[in-house]
1. Can you send over the solvent-accessible area of Ser41, 1.4 Å probe, protein chains only, in Å² to the nearest 10?
2. Report, to the nearest 10°, how far helix 91-108 tilts away from the longest principal axis of the Cα atoms in the chain, using its own Cα long axis and a range of 0 to 90°.
3. Convert each backbone phi in segment 75-86 into a coupling constant with the Karplus relation 6.51 cos²θ - 1.76 cosθ + 1.60 (shift: θ = phi - 60°), then list the ³J(HN,Hα) values in order as whole Hz, x for Gly and Pro.
4. Which of these values of Cα Rg over 2.2 N^0.38 Å was calculated from the structure shown: (i) 1.27; (ii) 1.34; (iii) 1.04?
5. Under 1.5 on a/c is rounded, so check that first for segment 54-109, then, if it is not, pick prolate when a/b is larger than b/c and oblate when it is not; a ≥ b ≥ c are the square roots of the alpha carbon gyration tensor eigenvalues.
6. Amide H neighbours of Val35 under 5 Å, counting only residues 5+ apart in sequence or on other chains, H built in-plane at 1.01 Å?
7. When the accessible area of the chain is split by element with a 1.4 Å probe, what percent falls to carbon and sulfur?
8. So if we plug the beta-carbon distance of Asp73 and Ala28 into 1/(1 + (r/R0)^6) with R0 = 35 Å, what FRET efficiency do we get, rounded to 0.05?
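The values are calculated or read from the model by the stated rules, or taken from the named source; none is laboratory data. Everything numeric here is computed off the predicted structure, so don't read it as measured data. Cβ: placed from backbone, ideal geometry, glycine included. Neighbour counts: every protein chain shown. Just so you know, the surface numbers come from the protein's heavy atoms only, side chains and all, with ligands and any DNA or RNA stripped out. Shrake-Rupley method; radii C 1.70, N 1.55, O 1.52, S 1.80 Å.
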Amino acid sequence: MQMLRRKSLLLTGYLEYLIQHYYAADAARPHKPHVRIITPSDPQQRGCQLSLSFSVPIRRIFQELERRGVACDMREPSVLRVAPVPLYNSFSDVHRFVETLGAALSAGE
């Protein structure tokens, strides 16, 4: 169990880092859709799930993600819940999700 929890912390931390790096608000591009993580940043206050709040309505983004094989949970009008589960997700899966999210955001514009 300790190894699973450690992997969970690392996977979720990696996802958090990538979301903040690629999808944070950008003052130079104020109309670009951005994402804010509303789950506590302290790993001891969360599991592997992150709630992502989008600056745009997410129905079309959610549909694009589903179409591309991503399983996540939508809470309208602007929250997606994603969880890199350590039993069956890898760091490559997290990276692929972040790339797929970018494609879904572009398709949703």
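1. Accessible area of Ser41: about 80 Å².
2. Approximately 10 degrees, to the nearest ten.
3. Once rounded to whole Hz, the list reads 10, 5, x, 9, 10, 10, 10, 10, 9, x, 7, x.
4. So the structure-derived entry is (iii).
5. Working: a/c = 2.24, a/b = 1.56, b/c = 1.43.
Prolate shape, in that a/c is at least 1.5 and a/b is the bigger ratio.
6. Placed amide hydrogens put Ala24, Ala25 under 5 Å from Val35.
7. Working: 3570 of 6730 Å².
So the carbon and sulfur contribution to the accessible surface is 53 percent.
8. Numbers: r = 32 Å, r/R0 = 0.90.
Efficiency computed from Cβ-Cβ geometry: 0.65.
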